[in-house]
Every structure is written in C-alpha cells, then in structure tokens.
Amino acid sequence: MSFLYGVSLYSDVTNPWELPIDERILNRKDVSHIVLETRPGGFRVTLLINERFPYNYKSKSAAFYYSNIKDSKEGLELAEKLDRYLKSGFNLKIRFNGSEIYEFILDESIQ
C-alpha cells in the first residue's frame with residue numbers, strides 16, 4: 001500500500017447523511033436567491049435552495065425562511081451579510097424547523 005503513503009484515509013468534509021435531521025450545510029452553489037420579503041406580520045429573509053443535479057435537470061427547489069426580523073433595515077443587513085459570506089466561498093450551516101430557519105451558523109471551518 002505504498003501508493004497511500006502520506007494520504008489521509010479520513011476526510012475533514014462533513015457527511016450530510018450524518019447531520020441531525022434539523023441541520024443542513026449550504027454553499028453558494030445551493031442558494032440561488034436571497035430574498036427580503038414583506039409579510040403581514042413583518043419581514044423575513046428567504047433562501048431559495050436548489051438541489052444540484054447535472055445541468056439542473058430535474059432539480060428540486062425549496063424555500064427556507066428566517067422571520068425573526070424587526071424591520072426592513074435589519075432584514076437587508078442580514079441578507080447582505082449572508083450573501084457576502086456565501087460569495088467568500090465558505091459553507092453555512094442552518095438549523096430549521098419545517099421551512100423556518102431558527103439559527104444560522106457562520107463558521108469558516110464547516111466543510
């Protein structure tokens with residue numbers, strides 16, 4: 001087995017099948033749009049997620065939203081912060097209940 005010399009057999013990448021059911025790891029390829037919506041109860045930031053198939057053939061989309069926003073300024077700041085973070089190439093972990101996001105985890109070590 002000399003061809004494996006110096007190569008780790010274990011990866012630092014998180015296996016998505018080992019995550020709890022209420023967590024998901026996203027990157028810029030997964031998030032097609034970040035939308036600030038006006039709702040009757042206030043504002044919310046919605047992430048439009050696109051499952052990646054080759055050439056987006058038979059892709060499945062989903063919308064996850066974060067509604068704990070006081071005003072449009074806070075919502076816009078959150079949307080811009082998430083966009084900058086995802087554009088920088090880092091992964092984002094979200095915790096959600098149904099379609100509602102209750103926590104964003106911005107950790108540059110998430111693989």
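Structural remarks
- Scanning the stretch 30-55 for residues that are at pLDDT 90 or above and among the charged types (D, E, K, R) turns up GLU37, ARG44.
- Residue in the stretch 65-92 that is nearest to GLY41 (Cα to Cα), counting only those that are open to solvent by less than 40 Å² (accessible area, probe 1.4 Å) and not in a helix (DSSP H, G or I): ILE69
- Taking every residue in the stretch 93-105 that is farther than 11 Å from LEU82 by Cα and pairing it with any residue that is surrounded by fewer than 12 Cβ atoms within 10 Å (Cβ to Cβ), at least 6 positions away or on another chain, yields no pair with a Cβ-Cβ distance below 6 Å.
- Any hit, the stretch 37-48, residues being open to solvent by less than 70 Å² (accessible area, probe 1.4 Å), in contact with a His (Cβ under 6 Å, 6 or more places away or on another chain) and part of a strand (DSSP E or B): yes
The values are calculated or read from the model by the stated rules, or taken from the named source; none is laboratory data. Model, not experiment: these values are computed from the prediction. Cβ sites come from the backbone with ideal geometry, for glycine too, and all protein chains shown count toward neighbours. Surface accessibility is based on the protein's heavy atoms, side chains included, excluding ligands, DNA and RNA. Shrake-Rupley method; radii C 1.70, N 1.55, O 1.52, S 1.80 Å.
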